[in-house]
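Each remark here refers to the structure printed beneath this line.
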Ligand SMILES: NC(=O)c1ccc[n+]([C@@H]2O[C@H](COP(=O)([O-])OP(=O)(O)OC[C@H]3O[C@@H](n4cnc5c(N)ncnc54)[C@H](OP(=O)(O)O)[C@@H]3O)[C@@H](O)[C@H]2O)c1
């Protein structure tokens, strides 16, 4: 009987210990940034920030938020006119310098020479690897590849090559100065079930893993590398226009994500998304099969609607 009591107390103690080990780090990573603000000053890393995919959505929001912190900007996107408009919008509002570089991340690796020439001589303290593309709607792998033969090449070039080659270009000078901040846009899709968007999720899992290991390699050399894993954010990619608690505007999202710098190497960036990731993670750990089928059903519904819409037009 006494033995049974000891085991019950021991089991309770282990449970409470495990809860504390999980709950406190979670609160520190997700709630503390909201209350205490960022632990890291982006402006301390250098005079310039380079942002890829900077004319819309999350990339444009990072550009505005970094300009507000007095960083000069290099905006890299594919459309020169849009780049010039964003540049004007930012310089009209903030006293910073803005350079633009028009390249298509779907094209050959030569674009990295163009970008490299464009940033020559600049003290780049912050790199935001934001550019990324997804499917136009959820689709089976073989159908997606059949419909667009360039699909695989394009998504890998935009989502993986961009992150690795931009890092290769900018990291050496950061290491030389012993300071640098790299923010890589992964996605919650990398860690939750995401059938019918498998190539996108795979590329985003690459970004997260690359970030984790690279951060470990360079953290002792003054380099901070963060993986940001949003859920849904209003943007052209999601086609969601009206912000809500679970789907914030890009500006709201980025202001929240910037606060997490120094707290977390790997963050959803936004408290409601952290709750969502926790809920989905719990669902997956209890019954992965159920979670996979639940998401598959939802995404098949989205696919059905998109195909119907495509047929009509
Ligand atoms: N929005 C979300 O819910 C969400 C969730 C998780 C992760 N993310 C990630 O966050 C990042 C930004 O997403 P977003 O929703 O802000 O996307 P978005 O609204 O579609 O904006 C993408 C930006 O990248 C540029 N771009 C697209 N293709 C390009 C190419 N081939 N070459 C050069 N520039 C190109 C776009 O320029 P144009 O103006 O010329 O199109 C635009 O400035 C992506 O990496 C995405 O995977 C987003």
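With the structure loaded, tell me whether residue 137 is modelled with pLDDT of 95 or more, part of a loop (DSSP other than H, G, I, E, B) and away from the ligand (no atom under 12 Å from the Cβ) or whether it fails that test.
When the stated conditions are applied, residue 137 passes them.
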Please determine whether any residue of region 101-113 is assigned to a strand (DSSP E or B), modelled with pLDDT of 95 or more and in contact with a helix residue (DSSP H, G or I) (Cβ under 9 Å, 6 or more places away or on another chain). yes
Restricting to region 114-134, what's the tally of residues that are touching a helix residue (DSSP H, G or I) at 6+ places or on another chain (Cβ under 7 Å) and surrounded by fewer than 19 Cβ atoms within 10 Å (Cβ to Cβ)? 2
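Run down 223, 182 and say which single residue is touching a strand residue (DSSP E or B) at 6+ places or on another chain (Cβ under 9 Å), more than 13 Å from the ligand (Cβ to nearest atom), touching a residue at least 40 places away in the same chain (Cβ under 8 Å) and more than 23 Å from residue 55 (Cα to Cα).
Result: 223 is the single residue among 223, 182 that is touching a strand residue (DSSP E or B) at 6+ places or on another chain (Cβ under 9 Å), more than 13 Å from the ligand (Cβ to nearest atom), touching a residue at least 40 places away in the same chain (Cβ under 8 Å) and more than 23 Å from residue 55 (Cα to Cα).
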Suppose we filter 232, 206 for residues that are farther than 21 Å from residue 298 by Cα, surrounded by fewer than 19 Cβ atoms within 10 Å (Cβ to Cβ) and within 14 Å of the ligand (Cβ to nearest atom); which single one remains? 206
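Which residue is nearest to the ligand (Cβ to nearest atom), if the candidates are limited to region 238-250 and must be part of a loop (DSSP other than H, G, I, E, B) and crowded, with 18+ Cβ neighbours inside 10 Å?
Ranking the qualifying residues of region 238-250, first place goes to 247.
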Given the conditions (1) in contact (Cβ under 8 Å) with a residue 60 or more places away in the chain; (2) within 15 Å of the ligand (Cβ to nearest atom); (3) over 23 Å from the mean Cα position of the chain (by Cα), report the number of the one that residue 56 does not fulfil. (3)
Give 257, 291 a once-over and let me know the one that is touching a residue at least 24 places away in the same chain (Cβ under 8 Å), surrounded by 15 or more Cβ atoms within 10 Å (Cβ to Cβ), part of a helix (DSSP H, G or I) and in contact with a strand residue (DSSP E or B) (Cβ under 8 Å, 6 or more places away or on another chain). 257
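The values are calculated or read from the model by the stated rules, or taken from the named source; none is laboratory data. This one's a predicted model, so the numbers in the text were calculated from it and none came from an experiment. Don't worry about glycine lacking a Cβ; one is built from the backbone with ideal geometry, like all the others, and counts go over all protein chains shown.
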